[in-house]
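Only the coordinates and a few stated rules stand behind these numbers; no lab work does. It should be emphasised that the depicted structure is a prediction, and the values quoted were computed from it without experimental measurement. Cβ sites come from the backbone with ideal geometry, for glycine too, and all protein chains shown count toward neighbours.
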Amino acid sequence: MKKAFYLETFGCQMNVVDSERIVALLEQIGYSQVDAADKADLLLLNTCSIRDKAERKVYGHLGRFKPLKDQRPELIIGVGGCVAQQEGERMLDTVPYLDLVFGTHNVHRLPELVTQAEKHRSRGCATEFLGREERLGNFPQRSQLDSVTRFVTVMQGCDNFCSYCIVPYVRGREISRPSSEILAEIEALVAQGVREVTLLGQNVNSYGLKEDEISFAQLLKKMNDVEGLERIRFMTSHPKDMTDELIDCFGNLDKLCKQIHLPLQSGSDRVLKLMNRGYTAADYLQKVERLKAVCPEIRLSTDIIVGFPGETEADFLDTLEMVKTVKYADAFTFLFSSRTGTAASKLKDDQSSVQKQERFERLCALQNQNSEAVWQADQGKVLPVLVEGESKQGDGQIFGRTTWNRIVNFEGDKDLIGKTVSVKIAKVFRNSNLGELV
Ligand code: SAM
Ligand code: SF4
């Protein structure tokens, strides 16, 4: 009989891609995926440690697995991803019913760890960082998922050490894949039916710089020539490494979607410096203006941290000002979370949580107004939509996305999946649109 595994994924797209790899590796050793923990022989969590709340969630979930392990001691429980990388062996000590811990560079070792646990009831931990060659040989590989849109990882790790961020510690140093390998993967995906590819990396703008590779903009140009590929997206772009060559791509490359995620983090030069971001508010704004000049339809999204240690009301007002000026279509707003080992965790933090929360709410209120204005402007427009599948609403509709990555649900035949069609936006909701096929 086939063995079953249950997998939950937390955090960013990197973890989503790693989870696809986990699925493929486990299928190779005879496991199949199920959607309920109580039906599985192996329970896995792919974890995120970017904020304290994400990390606590992991322990909460493990607690829920305990009664299952009490009932069935042969059950194997494992944790991977950023919390696993950070905690390593300590996790096995803290959680006595945990069997496996595998770090961000060790996903490929999962089959071996699971097999050991099955055979010898042994507990295992693999969290060592790999050397360059081994890492390059172990980039997440293309899985056989049947979908219209896919992520392709172009680089892993990060060298930026923003003072608040745990990523460089849990994902290791930055490393880029050869462009030839990336393009070959994209061509293979397109042959498989994929029409949209999102290139992934913690800072795609510094793609290949360490490797003497072609620039990220040149990689986009080569991708634009791949026959059958319709849309290109990428994330994330660090503003300090956003070159004019890359900005110009938004004016020159017909397949590049008119949307960019450009994390601001703060609008205050003083805070940006403390964050070690490497740009000023004026530098950032200049790049935004250039983007809008080469591509007037472009829409931006961003990440903002509220309550960084020592943030004053004046600093916060600078952030609000920036949000008013740029008019982001979307913003992901976070309350600062102190991460052990990072430079910001050693800074004095004299704001009360009430004050931070109050600022957070002011920022969200402003951003909600901006988002509403940007998205409402689409009402009545006829827009090209790449159809991705059946609507998640479960009402027989299909869905796709606009160039701005906005979901549109509409009545249509499933044969349209994978095609770009014209859709009139009939109603704009908070997170999606309702459309009519034209
Ligand atoms: N590499 C990307 C970048 O530079 O934008 C994404 C990094 S992280 C996965 C996504 C976002 O989480 C960051 O842009 C930042 O706004 C937020 N973040 C990271 N560390 C944080 C912390 N300690 N507290 C609050 N938010 C944090
Ligand atoms: Fe973290 Fe900064 Fe690297 Fe993004 S660029 S992953 S925020 S250190």
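Partnerless cysteines in the chain, where a partner means another cysteine C-beta under 4.7 angstrom, comprise 12, 48, 82, 125, 158, 249, 257, 295, 364. Cβ crowding within 10 Å ranks 429, 102, 151 as 429, 151, 102, fewest other Cβ atoms first.
Given only helices, namely DSSP H runs of n ≥ 4 each adding -39500 (n - 2.57), what is the per-residue ellipticity at 222 nm of the chain, to the nearest 500 deg cm²/dmol?
Working: 14 runs with 160 residues, N = 438.
That calculation yields -11000 deg cm²/dmol at 222 nm.
Residues whose amide H comes within less than 5 Å of that of residue 243, counting only those at least five positions distant or on another chain, are absent (H built at 1.01 Å from N in the peptide plane).
Computed on the chain, with alpha-carbon pairs under 8 angstrom and 6+ residues apart, the relative contact order is 10 percent. Here the calculated FRET efficiency for residue 436 and residue 303, from their Cβ-Cβ distance with R0 = 30 Å, stands at 0.30, rounded to the nearest 0.05.
Report the charge-dipole magnitude of the stretch 186-237 in Debye, nearest 20, computed about the Cα centre from +1 at each Lys and Arg Cβ and -1 at each Asp and Glu Cβ.
Once rounded to the nearest 20, the dipole reads 200 debye.
The residues 420, 403, when put in order of fewest to most other Cβ atoms within 10 Å, stand as 420, 403.
Distances between placed amide hydrogens fall under 5 Å for residue 31 paired with no residue 5 or more residues away or on another chain.
For the stretch 98-137 versus the stretch 289-322, the spacing of their alpha-carbon centroids is 40 Å.
DSSP assigns beta bridges within the chain; of those with both partners inside it, close to 30 percent run antiparallel.
Charge tally around residue 230: other residues with Cβ under 10 Å, Lys/Arg +1 each, Asp/Glu -1 each, net +2. The translational diffusion coefficient of the stretch 219-338, from Stokes-Einstein at 10 °C and 1.306 mPa s with a Kirkwood hydrodynamic radius over alpha carbon pairs, comes to 104 µm²/s.
For the stretch 143-218, the relative contact order comes to 40 percent (Cα pairs under 8 Å, sequence separation of at least 6). Amide H contacts of residue 265: 303, 304, 305, each under 5 Å away and 5 or more positions distant or on a separate chain (H built 1.01 Å from N in the peptide plane; Pro and chain starts excluded). The residues 207, 169, when put in order of fewest to most other Cβ atoms within 10 Å, stand as 169, 207. Residues in the stretch 231-237 carry Karplus couplings, in order, of 9, 10, 9, 8, 6, 10, 9 Hz; the curve used is 6.51 cos²θ - 1.76 cosθ + 1.60 with θ = phi - 60°, and Gly or Pro positions show x. Once the Cα-Cα distance is subtracted from the 0.36 nm per residue extended length, the residue 355 to residue 52 segment shows a gain of 107.2 nm.
Note on the stretch 71-225: Kirkwood hydrodynamic radius from all Cα pairs is 17.4 Å, rounded to one decimal. Annotation for the stretch 380-438 versus the stretch 330-355: alpha-carbon center distance of 38 Å.
Taking Lys and Arg as +1 and Asp and Glu as -1, the other residues whose beta-carbon sits under 14 Å from that of residue 308 total +1.
Can you give the Rg to Rh ratio for the chain, taking only C-alpha atoms and Rh from Kirkwood?
Answer for the chain: 0.96.
Taking Cβ atoms as reference points and 12 Å as the exclusive limit, the residues near residue 38 contribute a net charge of +2, counting Lys and Arg as +1 and Asp and Glu as -1. With contacts taken as Cα pairs under 8 Å at a separation of at least 6 residues, the stretch 247-338 carries a relative contact order of 36 percent.
Here the Debye sum runs over all C-alpha atoms of the stretch 23-128 as equal scatterers in vacuum, and log10 of I(q)/I(0) at q = 0.11 Å⁻¹ comes out as -0.30.
For the stretch 208-215, the Karplus equation 6.51 cos²θ - 1.76 cosθ + 1.60, evaluated at θ = phi - 60°, returns couplings of x, 5, 6, 9, 6, 8, 5, 6 Hz by residue, with Gly and Pro reported as x. Distance from the Cα centroid of the stretch 238-254 to that of the stretch 1-35 is 35 Å (rounded to whole angstrom).
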